[in-house]
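J.: Before we start, here is the structure in question, set down as C-alpha cells.
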Amino acid sequence: MSIRVMTRVWDSSKHHSSALLLLLAVADFADDGGWAFPGVDTLAKKIRLGERQTQNLLRVLETSGELVVQINAGPHGTNLYWVHVGGVQSP
C-alpha cells in the first residue's frame with residue numbers, strides 16, 4: 001500500500017464516485033512508484049461492484065490517462081496497472 005499514491009489520487013484525480021473508488025483501490029495495492037497488479041476479481045470485491053462493471057471502469061480510467069494498463073504483464077498473467085495522477089513521470 002502506498003499512502004503517497006493514494007494521496008496523489010485524492011488530490012489530483014478528476015474522477016468521482018465509482019471510478020474514483022476504483023482508482024483508490026488500485027492505489028491501495030500500489031508501490032510508491034504507482035505500480036500494482038491486483039486481479040479484476042479482487043478489485044471488484046474491494047469496491048463492491050461486479051467484475052464487468054469493474055472492467056468498464058478500468059477502461060474509463062485508462063481512457064482518461066489516470067491509469068495505464070498493461071494486459072497480462074503482471075505475475076501469473078494479471079494486468080499490471082500504473083496509477084498516473086499528480087504529475088508523475090511516465091514509466
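J.: Residue 61 fails exactly one of the following numbered conditions: (1) modelled with pLDDT under 95; (2) open to solvent by less than 70 Å² (accessible area, probe 1.4 Å). What is the number of that condition?
T.: Condition (1) is where residue 61 drops out.
J.: Next up: Given the structure, is residue 86 in contact with a Ser or Thr (Cβ under 7 Å, 6 or more places away or on another chain), open to solvent by 30 Å² or more (accessible area, probe 1.4 Å) and at pLDDT below 95?
T.: Numbers: in contact with a Ser or Thr (Cβ under 7 Å, 6 or more places away or on another chain): yes; open to solvent by 30 Å² or more (accessible area, probe 1.4 Å): yes; at pLDDT below 95: yes.
Yes: the conditions hold for residue 86.
J.: As an exercise: evaluate residue 44 against (1) in a helix (DSSP H, G or I); (2) without any contact (Cβ under 8 Å) to a residue 24 or more places away in the chain; (3) open to solvent by 40 Å² or more (accessible area, probe 1.4 Å) and give the number of the one condition it does not meet.
T.: For residue 44, the exception is condition (3).
J.: Tell me which residues, restricted to the range 71-81, are modelled with pLDDT under 95 and either over 15 Å from residue 44 (Cα atoms) or not polar (S, T, N, Q) (or both). Steps first, answer last, please.
T.: First, pick out the residues of the range 71-81 that are modelled with pLDDT under 95: 71-79.
The answer is 71, 72, 73, 74, 75, 76, 77.
J.: Just to be sure I understand the filter: pairs with C-beta atoms under 8 Å, separated by 6 or more residues or on different chains, first member in the range 5-24 and β-branched (Val, Ile, Thr), second member in a helix (DSSP H, G or I). Which pairs pass?
T.: As it stands, the answer is 5/27; 9/20; 9/23; 9/24; 9/27, since those pairs meet every condition given.
J.: Can I ask one more? Within the range 64-83, restricting attention to residues that are among the polar types (S, T, N, Q) and assigned to a loop (DSSP other than H, G, I, E, B), which residue is most open to solvent (accessible area, probe 1.4 Å)?
T.: Just the residues of the range 64-83 that are among the polar types (S, T, N, Q), to begin with: 64, 70, 72, 78-79.
Adding the requirement that they be assigned to a loop (DSSP other than H, G, I, E, B) leaves 72, 78-79.
Numbers: 72: 101, 78: 36, 79: 34 Å².
If we take residues in the range 64-83 being among the polar types (S, T, N, Q) and assigned to a loop (DSSP other than H, G, I, E, B), then 72 is most open to solvent (accessible area, probe 1.4 Å).
J.: So which residues in the range 1-36 are open to solvent by 40 Å² or more (accessible area, probe 1.4 Å), in a helix (DSSP H, G or I) and under 12 Å from residue 67 (Cα atoms), if there are any at all?
T.: None - no residue of the range 1-36 is open to solvent by 40 Å² or more (accessible area, probe 1.4 Å), in a helix (DSSP H, G or I) and under 12 Å from residue 67 (Cα atoms), so the list stays empty.
The values are calculated or read from the model by the stated rules, or taken from the named source; none is laboratory data. Computed from a predicted structure; not experimentally measured. A quick note on method: Cβ atoms are made from the backbone with ideal geometry, for glycine too, and the neighbour counts reach across all protein chains shown. Surface accessibility is based on the protein's heavy atoms, side chains included, excluding ligands, DNA and RNA. Shrake-Rupley method; radii C 1.70, N 1.55, O 1.52, S 1.80 Å.
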